[in-house]
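Comments concern the structure below.
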Amino acid sequence: MAALNNDMGVVGVAPKVEIYAIKVLDRTGSGTYTDIAIGIEQALLGPDGVLDADGDGIIVGDPDDDAAEVISMSLGGPTDDQYLHDIIIQAYNYGVVIVAASGNDGADQPSYPAAYPEVIAVGATDSTDAIASFSNLQPEVTAPGVDILSTYPDDTYETLSGTSMATPHVSGVVALIQAAYYNKYGKVLPVGTFDDMSTNTVRGILHVTADDLGDPGWDIYYGYGIVRADLAVQAALG
């Protein structure tokens, strides 16, 4: 998502984005829905641990607060969890854009939390723009997720596949949208909904600027299509 543009290795979608990294899974990739929910709550509080430091009622897009504007989750599980959903609804209502991997089971619907209506579910495509065989169906959008060269621990690089690799592509595009809009208008765009088809919300911009492959409009394989960072930023700038 944020690999530096420094002539080494790879370049992230949003190489100047600020990252607030919150660990919710163990070294084997396992965890609980409660851990994820607490992580989302921590992302709302920000590094200072205060939800609304200046008390103005604005949480997201406020330079005097440090809540995350985007939450990116390359994780998921098979079960609906009410506590997790409640925290996601809270973050969504504050204006946080939440992006999550649709899952790698080849299932007919996204895993959780991607399956929640407040979350942007991301499917994976390969270098030919075909849907990856493992990618769960009914995503909101898709992005490259097969044989992706990425940064890795211990200052190395690895080529990895999965909707977890597609997800940060979308999260990075969201960061670019919000940064472009904020720098021009002094505020961030509202999150929007799954059905938005305007340029007045983040999700609407993702939908109308995506490469619409598969059946016209939304379809169960590509969702609204493969995200386009260039067109999304142009739309955010009007």
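The values are calculated or read from the model by the stated rules, or taken from the named source; none is laboratory data. The structure displayed is predicted, hence computed values, not measured ones. Counting neighbours? That spans all protein chains shown, and the Cβs are built from the backbone with ideal geometry, glycine included. Calculation scope for accessible area: heavy atoms of the full protein, side chains included, ligands and nucleic acids excluded. Shrake-Rupley method; radii C 1.70, N 1.55, O 1.52, S 1.80 Å.
Answer with a single label: of (1) 12.6; (2) 11.2; (3) 16.6, which was calculated as mean projected area of the Cα convex hull in nm² from the structure in view?
So the calculated entry is the one marked (1).
Mean Kyte-Doolittle of at least -1.0 plus a Cα span of 30 Å or more along the axis: flag which DSSP H helices in the chain meet both, please.
163-185
Just the accessible area per residue of the range 16-144, please: how many Å² with a 1.4 Å probe?
Accessible surface, normalised per residue, equals 47 Å².
Pulled fully out, how much extra length does the chain show between residue 38 and residue 6, if you take 0.36 nm times their separation in residues and subtract their Cα-Cα distance?
Result for the pair: 8.1 nm of gain on full extension.
Enter the accessible area per residue of the range 151-212 (Å², integer; probe 1.4 Å; all protein chains in place).
Counting only protein heavy atoms, the per-residue value for the range 151-212 is 47 Å².
Which chymotrypsin sites (Phe, Trp or Tyr not before Pro) from the range 109-199 combine a DSSP loop assignment with at most 16 other Cβ atoms within 10 Å?
Answer in residue order: 194.
Over the range 58-135, how many percent of alpha carbon pairs lie in each 10 Å bin up to the one with the longest distance?
19, 43, 25, 12, 1
Assuming a ≥ b ≥ c are the square roots of the Cα gyration tensor eigenvalues, decide whether the range 1-117 counts as rounded (a/c under 1.5), prolate (otherwise, with a/b larger than b/c) or oblate.
oblate
Give the Rg/Rh ratio for the range 36-96, taking Rg as the radius of gyration of the Cα atoms and Rh as the Kirkwood radius, to two decimals.
Ratio value, two decimals: 1.00.
Cα centroids of the range 1-28 and the range 36-75: how far apart, whole angstrom?
Comparing the Cα centres of the range 1-28 and the range 36-75, I get a distance of 19 Å.
With point charges of +1 on the Cβ of Lys and Arg and -1 on the Cβ of Asp and Glu, referenced to the Cα centre of the range 147-238, which listed residue (189, 166, 150) lies farthest in the positive direction of the dipole?
Towards the positive end, the residue furthest out is 189.
With +1 assigned to the C-beta of every Lys and Arg and -1 to the C-beta of every Asp and Glu, and no other charges, what is the dipole magnitude of the chain about the Cα centre in debye, to the nearest 20?
340
Go ahead and estimate [θ] at 222 nm for the chain from helices alone: -39,500 (n - 2.57) per DSSP H run with n ≥ 4, summed, over the residue count, rounded to 500.
Taking each H run of at least 4 residues, the total per residue is -8500 deg cm²/dmol.
Using only Cα atoms, what is the ratio of the radius of gyration of the range 64-193 to 2.2 N^0.38 Å?
1.08
Assign one of three labels to the range 155-238, namely rounded, prolate or oblate, based on the Cα gyration tensor with a ≥ b ≥ c the square roots of its eigenvalues; rounded applies when a/c is under 1.5, prolate when it is not and a/b is larger than b/c, and oblate otherwise.
In terms of gyration-tensor shape, oblate.
On the protein heavy atoms, probe 1.4 angstrom, tell me the percent of accessible surface of the chain carried by carbon and sulfur.
Exposed carbon and sulfur together represent 51 percent of the surface.
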